[in-house]
Amino acid sequence: MPKIGGLIIGRGVNSIITDGRTLKAMSFGRFIYPVTKGQPYVDIANQPRVFDYKGNRYEIRYFDGCFFPFVVKVEQA
């Protein structure tokens, strides 16, 4: 299983956005980034969990064992 920050996380891990520059660009008005230096965690700050960015749909999702959620690219049907 893939690891982020020493944690083993499950299904959906391959679609987590980990690039800090991308997360920073996406964050305006959607979520707070960075939460923890060097990690791709975000804080939803009472905003919707699903949003569109540059023609793609993203979801802010929690994984087991994590106090903060990640931004995950949702597969379009």
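Every number in this text was worked out from the coordinates using simple rules, so none of it is lab data. All of these numbers come straight from a predicted model, not from anything done at the bench. Heads up, the Cβs are rebuilt from the backbone with ideal geometry, glycines too, and the neighbour counts pull from every protein chain shown.
Give me 33, 62, 53 ranked fewest to most by other Cβ atoms within 10 Å of their Cβ, as a rough exposure proxy.
Details: 33 20, 62 12, 53 16.
Arranged by neighbour count, lowest to highest, 33, 62, 53 become 62, 53, 33.
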Which ³J(HN,Hα) values, rounded to whole Hz and listed in residue order, are derived for the stretch 59-64 from phi using the Karplus coefficients 6.51, -1.76 and 1.60 in 6.51 cos²θ - 1.76 cosθ + 1.60 with θ = phi - 60°, glycine and proline given as x? 9, 8, 10, 8, 10, 3
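Sorting check: for 35-46, 63-74, which peptide has the highest mean count of neighbouring beta carbons within 10 Å, and how do the rest follow? Please report the intermediate quantities before stating the final value.
Details: 35-46: 14.2, 63-74: 16.1.
Per-residue mean Cβ counts within 10 Å order the peptides as 63-74, 35-46.
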